[in-house]
Amino acid sequence: MPEISRFLGIVIKMFWDDHNPPHFHAEYGELRALVDIQSLSFFAGRLPPRVAGLVIEWATLHKQELLEDWERACAKAALLKIAPLE
């Protein structure tokens, strides 16, 4: 699963040819969650509230880039890195 961003101990990944809805995987230590790109809501797993807030803040800033990477993943193309939250 390719890593597309990393910040503050959070790792963001996306699978090639993954299931709908368009989403990404957020990891923090041993915790994992799936985030719907369109609604920016968690639909599986869990993260601590502070970490979840940072993930949503980052995703809000990079929503278009996430959607573009999702399209690339569906086409089995190389994914592009996305800037971390600063």
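The values are calculated or read from the model by the stated rules, or taken from the named source; none is laboratory data. Source: prediction; values computed, not measured. Here the Cβ positions follow ideal geometry from the backbone for every residue, glycine too, while neighbour counts run over all protein chains shown.
Test L47 against the stated conditions and say whether it is modelled with pLDDT of 95 or more, part of a helix (DSSP H, G or I) and more than 14 Å from P84 (Cβ to Cβ).
Values: modelled with pLDDT of 95 or more: yes; part of a helix (DSSP H, G or I): no; more than 14 Å from P84 (Cβ to Cβ): yes.
Criteria not met by L47.
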L66: passes all of (1) more than 9 Å from the chain's Cα centre (by Cα); (2) under 24 Å from A77 (Cα atoms); (3) surrounded by 15 or more Cβ atoms within 10 Å (Cβ to Cβ) but (1)
Quickly run through region 23-36 and pick out the residues that are touching a Phe, Trp or Tyr at 6+ places or on another chain (Cβ under 6 Å) and either more than 14 Å from H62 (Cα to Cα) or aliphatic (A, V, I, L, M) (or both). A33, L34, V35
Count of residues meeting criterion [at negative phi, surrounded by fewer than 17 Cβ atoms within 10 Å (Cβ to Cβ) and assigned to a loop (DSSP other than H, G, I, E, B)] in region 69-84: 7
Within region 4-22, track down each residue that is outside any loop (DSSP other than H, G, I, E, B) and in contact (Cβ under 8 Å) with a residue 40 or more places away in the chain. I4, S5, R6, F7, I10, I12
